[in-house]
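Worksheet: the structure to be examined is printed underneath.
The values are calculated or read from the model by the stated rules, or taken from the named source; none is laboratory data. Computed from a predicted structure; not experimentally measured. Heads up, the Cβs are rebuilt from the backbone with ideal geometry, glycines too, and the neighbour counts pull from every protein chain shown.
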């Protein structure tokens with residue numbers, strides 16, 4: 001019997017996961033004008049070229065940081081000490097490219113993020129970070 005999970009590429013099965021907030025403020029042109037919100041997720045998926053799944057989420061409750069992206073480490077990255085990295089004000093394609101390059105290099109726990117991502121890193125309360133859907 002073939003397990004459907006075995007059909008997934010091995011690198012994707014053990015990859016980072018990316019969550020893009022698309023709640024009340026993130027993805028809203030009236031909150032953050034001049035951004036192609038609808039195109040962000042497809043562009044991030046294309047930049048990752050299958051290296052990690054990208055999903056949209058309801059509001060992640062850090063509306064003052066719209067648009068928010070959370071990069072969760074791979075199992076290997078978590079074992080190496082990596083933890084989810086929350087990035088805020090991700091409103092341009094250069095930021096998406098930097099995020100994608102970091103994830104392709106291994107992401108949290110495996111690869112150092114490009115220095116410019118320090119400008120996007122945000123701290124969230126434990127209540128908020130524990131609310132991230134698994």
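Name the one entry in 52, 101 that is without any contact (Cβ under 8 Å) to a residue 60 or more places away in the chain, surrounded by 15 or more Cβ atoms within 10 Å (Cβ to Cβ) and in a helix (DSSP H, G or I).
Working: 52 fails: in a helix (DSSP H, G or I).
Being without any contact (Cβ under 8 Å) to a residue 60 or more places away in the chain, surrounded by 15 or more Cβ atoms within 10 Å (Cβ to Cβ) and in a helix (DSSP H, G or I) holds for just one of 52, 101, which is 101.
Take residue 127 and tell me if it is surrounded by fewer than 19 Cβ atoms within 10 Å (Cβ to Cβ) and assigned to a loop (DSSP other than H, G, I, E, B). Explain how you work it out, then say what you get.
Values: surrounded by fewer than 19 Cβ atoms within 10 Å (Cβ to Cβ): yes; assigned to a loop (DSSP other than H, G, I, E, B): no.
Against the criterion (surrounded by fewer than 19 Cβ atoms within 10 Å (Cβ to Cβ) and assigned to a loop (DSSP other than H, G, I, E, B)), residue 127 does not qualify.
Here's a check for you: in region 55-69, which residue that is under 19 Å from residue 117 (Cα atoms) and buried (at least 21 other Cβ atoms within 10 Å of the Cβ) is modelled with the lowest pLDDT?
Applying the filter and picking the extreme gives 62.
Since residue 21 meets every condition but one in (1) surrounded by fewer than 18 Cβ atoms within 10 Å (Cβ to Cβ); (2) under 18 Å from residue 129 (Cβ atoms), which condition does it not meet?
So the condition that residue 21 fails would be (1).
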